[in-house]
Every structure is written in structure tokens, then in C-alpha cells.
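Heads up, the thing below is written out as C-alpha cells.
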Amino acid sequence: MRAEPPSLLRTRLRAGFRGAAVLAATLACLAACSKKPDEAAKAHATPAGVTLTAAQRQHIGLYTVEQGAFTRTVEASGVVDFDNDQATSVIAPFSGPVSRILVNPGDRVRKGQPLAIVESADFATAVGAYTKAVAAARTARRLADMDKDLLAHNGVSAREAQQAESDAVGAESDRDAALQALVALGVDSSTIAALKQGRPVARIQGVIRAPISGTVAEKLITPGQLLQAGSTAAFTVADLSRVWVMAQVSDADIAAVRLGDTAEITGDAMPAGMTGVVQNISAVVNPDTRSVIARVVVANPAEVLKKQMYVRVRIRSRLQNSGLIAPVSAILRDDQNLPFVYVAMPDNSYARRSVTLGQRAGDLYAITSGLAGGERVVTNGGIFLQFLQNQ
């Protein structure tokens, strides 16, 4: 036989190697494809039931699933705010620089208590106007009384007596208006009494007073700051024995919330058992969060709840629903966070069953699919069963 040239031999060897590689890849692909259905079936297969010893079954708690009536519980987040019916912003009633601040945030104050001292020309002007008005009214009334007596003795004409009386009434009206200006500025009653009697008073300073009793929640001014009458907010005083919790309820859940529903308020470092009542439901949906504000009024006698504190709100709807119900303690979650339960079987084993959850009502869930009435689910020991099944 004639020997092949070396170049032709190399060409045939390369072709043989390529064919072998293609064949190997094809076989590997066929092998992999043949395994995929088995692996997929294994991944989606329902895990086998768990069997326990008689002693182990003594520690398993069971609940019989059945039809029942329940009320829905709406979960929401909330933010604490002042009760605006019991809180007020203290606006400076006069202009001038602040000379002294008499209270600090957190101090309890009573209605009329001084909060700050202001060197105010407005205050001095109002006091001077009242003093002049008192003197003018006193003089005008004395003249009117004299003309009235003279009229009785034909000493003056009726027209002159009437004019004197009109002047006296006008002066007295000016005096009363000046008095109201002093009251609006917060002048204390002893100073006003001294001014009425014409007695001299000590150096008069403007005093910002608490309009209500409560707690100084905010101090918004500093010594030396120039206040503008009617526009500068100086303090916030609030009665913190009751607060508002602004619950952000999903627009999908708001239909279940009604005025008068009770709500449980919970949060970190808060005492248990704080409850409130839904007092108002907003008519507007927040376009960013798709939530509706439900205002919950909460008693806060220990003043634990503070403004801007984040809390959790659980509103108990009064609307009645019915369906299959199971305890929250029976619901477990798999690696994909999907809910499932363990069902007690007739052979004393426990089978894992996927379920679909409906509305939550306190410690119960409505089960929309996955269970039938009369089946018993594990409420205590489910974690142990899951551990055994995963071994």
C-alpha cells in the first residue's frame, strides 16, 4: 500500500477529532436533557409526610379548620401627631426683642402663665392709650352728668345735654376698646386694675402667656430675637394626654375601615395595650404611596407617644366576613416566602400543604384555597416538623 502524504494524514486526523468532539457534546446534551424532567419533577414534588413517635405527637398542637365568621384586621404604619384640638401655636401678640425666656420644652404650664418677656413699644403704647382713654372717659362722663343736672334747672339746652351724653358714651367706648387691646396683649389683671384706678405701675414689659394649659412642646424663639406682632411663632403648647396617630391605610384596605373602629397601637419601647378609635378618614389618596390617612385618636396619659414617632397600627374592622379560618400560628413560609401548613393525616403522619391566605382577623387567617372544612392543621410544633422534613 502506498503511504499517504503527511499533509493529508494530518487533515484526516483533525476531521476525526472534530467528529468525536461533536458526538461527545451531543451525547452530553441528550443525557442532560433526559435528566431535566426528573429534576424538575423532584423540585416541584410535594415533600413526603412526616411521621412522629407517640411521645413526639404529644407535643403537637392541632386546630380543626371550619367555616366561621370573623372581622378583618387592617395593618398599617402610622405617625404620631399632636391632637390639633388640644394644641396651639403661640404667636407673638406684639413686636420687639426678646429679653427673657421663662420656660423650656417639656415644661408643664397653666393657662395664662408667662412664657417669655419682650421689650415691646407696642405694649407701652397700648398701656398709654388705655390710661388716656380712662381719663377721657371719666372727664366726659362727669361733664355729661353736669349738663344733665343743668338741663333740669334750665341751665343748658337739651341739645347741649344730648351732645355731652354722646361724647361720654363715645369716650367710654374708646376706653373699653383700649382695655380689650390690653387683654389681647396679655396684660395681667392686677396691672389693669391699677391703670383703672389711675395708680402708677412699675416698668411695663410685654409678656407672652400660655393660651392653654399643657406642655411646652416647642420653643421657637431665642433671647434677643426681634418678634413681629401677629406673625412670629414663639412656642407650641399642647395637651399631650391625647394624641393623633395618622395611619397610612392602603387604598385596597380602606373599604374595610369605618369611623369608630378600634385600633391597637404598637411600637418599639411602647407599653402594650394602647388603643384608639378611628375618628376621621381622608377623602384623598396619596398618589405616591397609594394610601389613605385614617386619623386615630389615642389616649396618652403617660405621654409615651411623641410627635413624629413611627408606630404600627392594627385596625379592627367591624365589617363581618365568613369563610374557612385557621390560626396565624399554623402558617409557615417556604424558601420563596409562600405560605403552607402541616395537615394531620389519618395514618398519624403530617402532610405539608400549600395554602392561599385571605384576610387576617386578629390571630386568624381566612384560607381561600388549600384546605377543606374538618381538616386539622398543626398550630404548635410546625417548625419541628419542617426541620425533620428538611433533613
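Read-outs: derived from the displayed coordinates by stated rules, not from any lab. Only a predicted model underlies this, so the values are computations on that prediction, with no experimental measurement involved. Cβ atoms come from the backbone with ideal geometry, glycine included; neighbour counts cover every protein chain shown.
For residue 281, the residues whose modelled amide H falls within less than 5 Å of its own, excluding neighbours fewer than 5 places apart on the same chain, are 295.
Site pair residue 201 and residue 233 shows an inter-label distance of 3.0 nm when each label is modelled 7 Å from Cα along Cα→Cβ. Full extension of the chain segment joining residue 290 with residue 176 gains 35.6 nm, where the gain is 0.36 nm per residue of separation less the Cα-Cα distance. On the basis of the beta-carbon distance and an R0 of 41 Å, residue 79 and residue 338 show a calculated FRET efficiency of 0.80.
For the residue pairs 111/307; 132/196; 111/196, the alpha carbons lie more than 18 Å apart in 111/307; 111/196. Considering only alpha-carbon pairs that sit under 8 angstrom and 6 or more positions apart, the relative contact order computed for the chain is 27 percent. Extents of the chain, taken as max minus min of Cα coordinates on every principal axis and listed largest first, are 165, 73, 40 Å.
Summed over all non-identical Cα pairs, the Kirkwood treatment of segment 121-204 gives a radius of 13.9 Å. I want the local charge near residue 375. Using Cβ-Cβ distances under 14 Å, sum +1 for each Lys or Arg and -1 for each Asp or Glu among the other residues. Net local charge, residue 375 excluded: +2.
Here is how the number arises for the chain: DSSP H runs of 4 or more residues each give -39500 (n - 2.57), the sum is divided by the residue count, and the result at 222 nm is -10500 deg cm²/dmol.
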